[in-house]
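Quick notes on the structure that follows.
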Amino acid sequence: MKIAMIGTGYVGLVSGVCFSDFGHDVVCLDTNPDKIAMLERGEVPIFEPGLETLMARNVGAGRLRFTTDLATALDGAQAVFIAVGTPTRRGDGHADLTYVMAAAEDVARAATGYVVIVTKSTVPVGTNRRVGQMVAAANPDLDFDVVSNPEFLREGAAIDDFMKPDRVIVGVQSDRAAEVMADIYRPLYLRDFPILTTDLESAELIKYAANAFLATKISFINEIAALCERAGADVKEVARGIGLDGRIGNKFLHAGPGYGGSCFPKDTSALARIGQEHAVPQSIIEAVIRVNDAVKLRMVEKLRDLCDDSFNGKTVTVLGVTFKPNTDDMREAPSLTIIPALVGGGARVRVVDPQGRREGEALLPGVSWHDDPYTAAQGADLLVILTEWNEFRALDLKALATTMATPRMADLRNVYVAADVTNAGFAAYVGVGR
Ligand SMILES: NC(=O)c1ccc[n+]([C@@H]2O[C@H](COP(=O)([O-])OP(=O)(O)OC[C@H]3O[C@@H](n4cnc5c(N)ncnc54)[C@H](O)[C@@H]3O)[C@@H](O)[C@H]2O)c1
């Protein structure tokens, strides 16, 4: 099977590499010539564990190529995947479909034989039908089908998620397209991973409903965490106590500084907007978004309390700025709200992150970057754990306490046990919901 993958970001590149590992002949296309040049040199433009090795293996086997030329990508392709960005549109919270529509139109004009146009990007319900109409208008003679195949991979575990998915969702309109999709995913089908075939609209909504549900769990536990703090309970115990109930489950019940990343913020916002447009307000999701915004500000107040009510003149060391560990993705990271509040309040902010610097440097002006937590903590007034990279899970707390001017810790991911921190010499320890 020859496949073209349009867009080589987190989703397009991982999907393209994994499809080539299934044995398909894949050409990945991007409009960004720098990205394609890097990929042709064997370099991966993003940080994603395992991706570079898998990519090299499939390039070496002759199954994976990169190009900026659409005709090369489409030559002989039976399926064209669109995996371009769908960021939040400025002003109204809707998903910006400019890139998806532009890519589909390019494909419509360049394709010759029967082709299945597969949308992997997260798009609002109704988009695939619109893509179909647009393609038909742009190239009335083209024989094609449109398929919705939303992606559920998690950054940091993307290859495993793609190769061993909980499910694959395929929204189709014709048996012919369903057969092409079955061929593409046959390696997963043979290993009994669930492949759910639906109509286009259901597939589109499954993606938003899944992300919205996970975001709801996070906002729910974050609100319970605030109550725990007032009532003297420990949210870790509460989360464990409810998570052991099989109907609830223990995943996504970690209290923290709010969700971020390239998906939850924009997808919750888009779902709220979709609901409004269909005159079916998604009031739960609207509340989830409000709670998440409030949580980040609550974290700033927590830090201010620890700094004797003023950041002015304080030195604050922040460990972790990416939206979660094992990615270099900074999109909508809580650090982008919390750190500017520190800098704006007059704090000197030192930052350590194993992968965040390349993206983060432009996004976080006024901070200094360090490689080592211990050097960064020298003479500091406050240590903040903002992203729970493994590197920050087993710090030498005594060494840190000795080196800091006033050893105080804000553990916004509840990595440490309060008594261990204070026994090591910290004067103050604050977690979330404890
Ligand atoms: N990042 C994730 O973890 C994740 C997970 C599931 C779903 N998604 C969805 O997948 C989609 C892609 O997300 P991403 O994070 O990979 O985006 P990204 O911003 O990392 O990458 C998008 C890529 O598309 C390229 N591009 C844009 N227009 C193009 C065109 N016309 N032709 C060729 N290339 C073009 C850009 O240059 C960029 O390299 C989004 O809809 C997102 O919601 C993302």
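The values are calculated or read from the model by the stated rules, or taken from the named source; none is laboratory data. Keep in mind it's a predicted model, so treat the numbers as computed, not measured. Because the Cβ atoms are built from the backbone with ideal geometry, glycine has one as well, and the counts that use them run over all protein chains shown. The area values use the complete protein model at the heavy-atom level, side chains included, leaving out ligands, DNA and RNA. Shrake-Rupley method; radii C 1.70, N 1.55, O 1.52, S 1.80 Å.
Key figures
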quantity	calculated
Lone unmet requirement of (1) farther than 19 Å from Lys302 by Cβ; (2) in a loop (DSSP other than H, G, I, E, B); (3) in contact with a Leu (Cβ under 7 Å, 6 or more places away or on another chain) for Pro365	(3)
Test for Gly93: is it away from the ligand (no atom under 12 Å from the Cβ), open to solvent by less than 20 Å² (accessible area, probe 1.4 Å) and either of a type in the set (Gly, Ala, Ser) or closer than 30 Å to Gly275 by Cβ (or both)	yes
Arg129 being out of contact with any His (no Cβ under 7 Å at 6 or more places or on another chain) and free of Cβ contacts under 8 Å to residues at least 40 places away in the same chain	no
Residue match in segment 287-304 (condition: touching a helix residue (DSSP H, G or I) at 6+ places or on another chain (Cβ under 9 Å) and part of a loop (DSSP other than H, G, I, E, B))	no
Some residue of segment 384-403 being open to solvent by less than 10 Å² (accessible area, probe 1.4 Å) and in a strand (DSSP E or B)	yes
Complete set of residues in segment 242-262 that are more than 20 Å from the chain's Cα centre (by Cα) and surrounded by fewer than 13 Cβ atoms within 10 Å (Cβ to Cβ)	Leu244, Asp245, Gly246, Arg247, Gly249
Meets criteria (open to solvent by 50 Å² or more (accessible area, probe 1.4 Å) and not aliphatic (A, V, I, L, M)) for Asp309	yes
Checking Pro325 against (1) under 30 Å from Gln276 (Cβ atoms); (2) within 16 Å of the ligand (Cβ to nearest atom); (3) not basic (Lys, Arg), the condition it does not meet	(1)
Which listed residue, of Thr317, Thr322, is open to solvent by less than 10 Å² (accessible area, probe 1.4 Å), in contact (Cβ under 8 Å) with a residue 60 or more places away in the chain and assigned to a loop (DSSP other than H, G, I, E, B)	Thr322
Residue list for segment 19-39, filter: in contact with a Phe, Trp or Tyr (Cβ under 7 Å, 6 or more places away or on another chain) and within 13 Å of Ala61 (Cα to Cα)	Val26
Test: residue in segment 50-67 that is open to solvent by 40 Å² or more (accessible area, probe 1.4 Å), within 14 Å of the ligand (Cβ to nearest atom) and out of contact with any helix residue (DSSP H, G or I) (no Cβ under 9 Å at 6 or more places or on another chain)	no
Those helices (runs of 4 or more DSSP H) lying entirely in segment 100-201 with at least 3 residues open to solvent by 40 Å² or more (accessible area, probe 1.4 Å) and more than 13 Å from the ligand (Cβ to nearest atom)	127-138, 175-184, 186-190
Given (1) closer than 24 Å to Leu190 by Cα; (2) away from the ligand (no atom under 14 Å from the Cβ), number of the condition Ala4 does not satisfy	(2)
Residues that are within 16 Å of the ligand (Cβ to nearest atom) and assigned to a helix (DSSP H, G or I), drawn from segment 229-279	Phe264, Pro265, Lys266, Asp267, Thr268, Ser269, Ala270, Leu271, Ala272, Arg273, Ile274
Flag for Ala341 being out of contact with any Asp or Glu (no Cβ under 6 Å at 6 or more places or on another chain), within 26 Å of Thr88 (Cα to Cα), touching a residue at least 40 places away in the same chain (Cβ under 8 Å) and open to solvent by less than 10 Å² (accessible area, probe 1.4 Å)	no
Failed criterion for Thr72 (all others in (1) near the ligand (Cβ under 10 Å from one of its atoms); (2) hydroxyl-bearing (Ser, Thr, Tyr); (3) surrounded by fewer than 21 Cβ atoms within 10 Å (Cβ to Cβ) hold)	(1)
